[in-house]
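Read through the structure below, which is laid out as structure tokens, and then see the notes.
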Amino acid sequence: KAGVTQTPRYLIKTRGQQVTLSCSPISGHRSVSWYQQTPGQGLQFLFEYFSETQRNKGNFPGRFSGRQFSNSRSEMNVSTLELGDSALYLCASSSQRTGWDIQYFGAGTRLSVL
Amino acid sequence: AQSVTQLGSHVSVSEGALVLLRCNYSSSVPPYLFWYVQYPNQGLQLLLKYTTGATLVKGINGFEAEFKKSETSFHLTKPSAHMSDAAEYFCAVVEYGNKLVFGAGTILRVKS
């Protein structure tokens, strides 16, 4: 069974640009969460989507947004990139069958903002 | 809000020695607690999970953790360290829904 797949693995952008990251959850998983990982702030929750609806949201500015499609794939978008947005962005999925609280993480997308 | 504190950002042990990684949580209700491991350039992998019930939780790769409510602790241990255990370890607690709150992480170094 394929794991959580995140694309691309690496991205380099410049300040002011926008970026879209993609996450394909494990087959059958309907909940997708996003986390930002930085050396200074550690792992922080961005948001969670379930059945195409945002269910939870962390304390990030409105420049960070996401969506989920009917096949449970999710994307997150960051507009007007800032240097501080450089981070590893992790996606995690979960399901009722394995337990909603058991989250399976992808390898992440490493975003560098120059 | 829930929070997790990991004592020691770096821990170094010799191969074959006991591994002890410390985690304290703050929660006013029985917590759901987790330990995750992250290898370089990879995502997080679940080691073990605590829900209400047994205080000693066994996980993968020989790791286990003991839940002590009186000390609000959930320390991770492994009797004998292996070189392949070198990684960063995160303690986490569920805040609400599927939102995980992570500790700052502990980098484990294993010396040969």
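No lab work stands behind these numbers, since they all come straight from the coordinates. What you are looking at is a predicted structure, and each value in this text was computed from that prediction instead of being measured. Glycine also receives a Cβ, built like all others from the backbone with ideal geometry; neighbour counts cover every protein chain displayed.
Numbers at a glance
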| quantity | calculated |
| --- | --- |
| Candidate lysines - alpha carbon under 17 Å from B:Lys99, same-chain residues fewer than 8 apart omitted | A:Lys57, B:Lys49 |
| Taking B:Val19, B:Val101 and counting other C-beta atoms within 10 Å, the order from fewest to most | B:Val19, B:Val101 |
| Whether segment A:30-89 is rounded, prolate or oblate, judged on the alpha carbon gyration tensor where a/c under 1.5 counts as rounded | prolate |
| Which of B:Ile60, A:Ile102 has the fewest Cβ neighbours within 10 Å, and the rest in rising order | B:Ile60, A:Ile102 |
| Packing-based exposure ordering (other Cβ within 10 Å, fewest first) of A:Ser33, A:Ser94 | A:Ser94, A:Ser33 |
| Computed label-point distance, nm, for sites B:Gln42 and A:Phe69 using a 7 Å Cα→Cβ extension | 2.8 nm |
| DSSP bridge pairs, chain B: antiparallel proportion in percent, nearest 5 | 90 percent |
| Chain B, relative contact order [Cα under 8 Å, separation at least 6], % | 38 percent |
